[in-house]
Every structure is written in structure tokens, then in C-alpha cells.
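The values are calculated or read from the model by the stated rules, or taken from the named source; none is laboratory data. Keep in mind that this is a model prediction, so the values were computed, not measured. Positions of Cβ are backbone-derived with ideal geometry, glycine not excepted, and every protein chain shown enters the neighbour counts. The area values use the complete protein model at the heavy-atom level, side chains included, leaving out ligands, DNA and RNA. Shrake-Rupley method; radii C 1.70, N 1.55, O 1.52, S 1.80 Å.
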Amino acid sequence: MVGIELRDSGNLLTVEDSLEELRALADTAGLTVVGEMTQKLDHIESAMFIGKGKVEELKTWQAELDFEVVLFDDDLSPRHQRNLEEELGEKVRVLDRTALILDIFAQHAHTREGALQVELAQYEYRLPRLTRGWTHLVRQAGGGAGRSGTAGVGLRGPGETQLEVDRRQIRARISFLKEQLEEVRQQRQQHRVQRRRAQVPVVSIVGYTNAGKSSLLNALVDEGGARQTAPVLTEDKLFATLDPTTRRVRLPGGKVALFTDTVGFIQKLPTQLVAAFRATLEEIEEADLLLHVVDITHPNAIEQAKSVERTLTELDITDMPMVVALNKIDRLDSEQQAALLAQQFPHSVPISALKGLNLDQLLGRLEHELYESQTLVQVRLPYRRSDLAALFHDQGQVETEHYGEKALIIQGRLPARYLAAFRPYVIKPDAS
Ligand code: GDP
Ligand code: MG
């Protein structure tokens with residue numbers, strides 16, 4: 001593994017912590033790490049990403065350790081990758097964090113949509129890098145439909161023409177995958193419209209990978225006494241969950257809400273990859289409320305939470321109400337310790353998904369946010385949306401109302417439960 005410490009990189013984690021995370025990712029992908037190297041740099045070297053001396057050092061290590069893969073913690077350009085592979089020789093493959101994450105995703109995508117998304121992301125990543133063989137790290141990966149027999153995979157140094165054929169085939173495959181995804185997306189949209197009509201609020205669970213999102217969803221389904229489906233897969237691996245899962249949960253007051261478990265976030269999750277998972281993440285955009293799960297026992301809990309918030313901002317999800325659950329408190333030594341940590345996260349509820357601690361309190365908070373706590377909004381409603389104007393009067397508190405030429409402008413307070421319906425018409429973000 002190779003990590004660099006760049007000046008002014010804006011990274012949330014130290015190079016050591018980031019490498020620790022890369023090690024967990026490598027482990028999840030089935031790789032064994034035999035060594036790690038770091039370098040402090042003012043800027044990325046244009047030829048091989050790291051300095052010449054470090055590359056020489058890698059070669060010496062190669063002779064001693066006979067490793068097969070060099071894993072960079074940061075994104076390599078196709079050029080860096082090519083130069084490094086030329087320098088390090090036939091036996092060594094050079095990969096970066098993105099390639100590794102894609103490989104893990106490929107192993108964990110179980111639905112058709114998940115498989116399509118991963119395949120698309122892999123080809124888009126691969127296309128500019130297609131100079132020599134690109135094979136999966138874990139060959140037997142299985143699962144994911146339609147990933148075998150792909151153009152260019154496994155070929156070492158194809159001739160120029162072969163390369164062009166490969167590229168053309170990959171481009172054709174990319175268009176095909178995009179069409180397929182669009183179809184799936186429309187079906188999903190249909191589902192969401194139905195859900196909306198059914199007036200059931202949607203809570204989207206977000207959080208850093210391994211924070212306990214899936215465990216919490218399972219526990220809440222139990223707590224609400226509404227278990228009717230198979231438990232969501234939980235695992236002490238990064239990215240065990242890739243496909244969004246939705247479960248019904250009963251709130252303390254008796255009302256029902258839909259909870260959606262989403263893919264875990266991670267620092268340095270490349271935007272390109274985030275975009276590939278847009279369909280999955282659309283679930284988040286459609287939510288009424290976000291439930292942010294933080295593993296409070298993790299040494300980098302705060303950085304992880306920040307990283308999740310950063311990704312949400314990248315996805316333009318900025319004005320959604322959020323409840324923070326500080327998970328795994330069963331691992332803390334004392335209640336004081338829990339209280340101390342909770343201070344760092346205002347409006348949070350300390351819980352244990354595994355031991356079922358404080359879950360009723362968490363559900364109570366979610367219910368309160370959904371139905372009672374009011375958020376100040378200003379909306380500009382076209383006159384054809386008189387249904388929404390009526391809804392505002394019914395469920396919210398209208399403070400001012402102004403009949404414009406083309407639209408009705410309302411300022412007032414609404415519970416989270418109804419914000420999503422008004423989102424397209426909001427003109428001033430929450431000012432409360
Ligand atoms: P996800 O990636 O956020 O969905 O995380 P998972 O639900 O798959 O959980 C990741 C790991 O954390 C699993 O090994 C869980 O058993 C463990 N875990 C989840 N919640 C708790 C908790 O409250 N306490 C403890 N001690 N472990 C937990
Ligand atoms: Mg999960």
C-alpha cells in the first residue's frame with residue numbers, strides 16, 4: 001500500500017488512518033497486505049505520482065516480498081498508472097482506491113440494478129486505462145450478472161487494433177448499460193410515486209460504512225414489532241450493503257414509516273463513483289428525514305461524520321432534517337463517556353443497535369421530527385398546486401401568504417413529514 005501526505009490536501013484523515021482504512025478495504029477484497037509506504041509531498045509527481053526514489057524502493061521490496069499488487073490510497077491518473085506499471089514490470093499490477101472499491105462493489109452487488117451500476121462504473125473507470133489486462137482482483141467474484149466475457153479483460157498487451165476493438169466494444173456496452181439503468185430507474189421512480197401517494201413517510205439511513213446502519217434497521221424492525229421480511233445483511237466488512245433495502249417500522253405513536261438502508265459512505269469516495277450510484281442515492285433525496293448513524297466508538301468518528309456530510313453536500317442534499325444516532329455505546333466503558341461524546345454531536349441519541357439500547361428513544365425522536373417539530377420554510381406554489389397550498393394550511397402553520405401574479409407565496413412552518421412534497425418549490429432555505 002502506498003499513501004501520500006500532500007500539503008493542503010483537504011483530507012479529513014491522517015495518512016496513517018487513511019491507510020488503515022485502505023487495509024480494511026483490501027481485506028474485504030481478499031488481499032493480504034505485506035507492506036506499506038508513505039511519502040510527504042508538496043505536489044503530486046507528474047510522472048509516477050510518487051518520487052523516483054520511492055519507486056526504486058518499491059522495486060527493492062518487490063524483489064524481497066514478491067508482491068503482486070501495489071495499492072495507492074489516492075486516485076491515479078491513467079498516465080500515472082501506465083508509467084508505474086511499466087516501471088515495476090510485468091508481475092505487478094498498480095491499482096488505486098477507486099479500482100479497489102469498484103472490485104468490492106462488484107462482489108457485493110446482488111440485485112440487477114446494483115450489478116448494472118457496478119458494471120457501468122467499472123467500464124467507465126477502465127476505458128481510459130485500457131492498455132493492458134485489467135482483471136478482477138478476486139476472480140471467482142461470482143454474483144453480479146453479466147460481468148463475464150467482457151471485452152479486453154485478461155488480455156495482456158493487446159495490439160493497437162485489438163485495443164481499438166476493445167474500446168469500441170466497451171463504449172457500446174456502456175451505452176447499453178446506461179439504457180438498462182434508465183429503465184430500472186423509471187421503475188423505481190414509479191415505486192416512489194406510489195409510496196408518496198400512500199402518504200407513508202420515508203426515513204433514509206445514512207452513515208459511514210460499517211457504522212451499523214443495517215444492524216440498526218434490523219433492530220428497529222424488531223422494536224416496532226413489524227418484522228415481516230428477512231433481516232438485512234450485516235457484516236464487519238466495508239460495503240456489505242450495496243442495494244437499498246426498505247423496511248416498514250412502527251413508530252411509538254402507532255404510525256408507520258419506511259426506513260431505507262443505503263450504501264455506506266467513505267472518505268475519498270470518488271465523485272465519479274458517487275455519480276454511478278446516483279440511483280441508489282436518489283432514495284436519499286426522496287426522503288423526509290435522514291437518520292445519520294455514527295459509530296461513536298471509532299477513533300475517527302468525527303471525521304467520518306464530516307465525510308458523510310461532505311458527500312451529502314456533493315449530492316446537493318443540504319436542507320434535509322437529520323437525526324444523529326451515536327451507535328455502539330455498548331462498547332463504551334461508562335455512561336459518562338457516552339455523555340461526553342454526545343456533547344460533540346448536538347441533537348444526537350446514543351444507542352446500541354446490537355444490544356437494542358435506547359431504540360425507543362430514537363424512534364420517539366424520529367417521530368417527533370416527522371410530525372411535530374416545525375421547520376421554517378418559504379415556498380412559491382404555482383396556482384395549479386392548490387393541493388399543496390391546502391396541505392400547508394392543514395398540516396403546517398402559515399405565517400404569511402402572498403398572492404403573486406403566477407404563484408402563491410407562503411411562509412410558515414412545516415413538520416419534516418411534509419417538507420419533501422414542497423421541496424421543488426422552496427425559495428428560502430430553513431432559517432429557523
Ligand atoms: P453498516 O455498514 O453501516 O450497514 O454496518 P453493519 O450493520 O453491517 O454493522 C457493521 C459491524 O458493526 C457489524 O459487525 C455489526 O455487528 C457491528 N455493530 C453494529 N451495531 C453495533 C452495536 O450497537 N454495538 C456493537 N458492539 N457492534 C455493532
Ligand atoms: Mg450495511
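At-a-glance table
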read-out	value
Residue among Val206, Val221, Val184 that alone is in the same structural domain as Leu130 (by TED's automatic domain parsing), modelled with pLDDT of 80 or more and within 27 Å of Thr28 (Cβ to Cβ)	Val184
Enumeration of residues in the range 13-30 that are open to solvent by less than 50 Å² (accessible area, probe 1.4 Å) and in a loop (DSSP other than H, G, I, E, B)	Leu13
Scan of the range 31-50 for residues that are surrounded by fewer than 16 Cβ atoms within 10 Å (Cβ to Cβ) and not hydrophobic (A, V, I, L, M, F, W, C), ordered by number	Thr32, Gly35, Lys40, Asp42, His43, Ser46
Ala325 being within 16 Å of ligand 2 (Cβ to nearest atom) and under 18 Å from the mean Cα position of the chain (by Cα)	yes
Breaking point among (1) at pLDDT below 90; (2) more than 16 Å from ligand 1 (Cβ to nearest atom), for Leu289	(1)
Tally of residues being open to solvent by 70 Å² or more (accessible area, probe 1.4 Å) and of a type in the set (Val, Ile, Thr) across the range 295-324	2
Residues located in the range 311-324, provided they are assigned to a helix (DSSP H, G or I) and touching a residue at least 60 places away in the same chain (Cβ under 8 Å)	Leu312
Where a residue in the range 368-383 is touching a residue at least 60 places away in the same chain (Cβ under 8 Å) and within 17 Å of Leu291 (Cα to Cα) and its partner, wherever it lies, is of a type in the set (D, E, K, R) and in a helix (DSSP H, G or I), with Cβ under 8 Å and at least six apart	Leu370/Arg417; Tyr371/Arg417
In the range 92-112, the residues that are open to solvent by less than 20 Å² (accessible area, probe 1.4 Å), in contact (Cβ under 8 Å) with a residue 60 or more places away in the chain and of a type outside the set (Val, Ile, Thr)	Arg97, Leu100, Leu102, Asp103, Phe105, Ala109
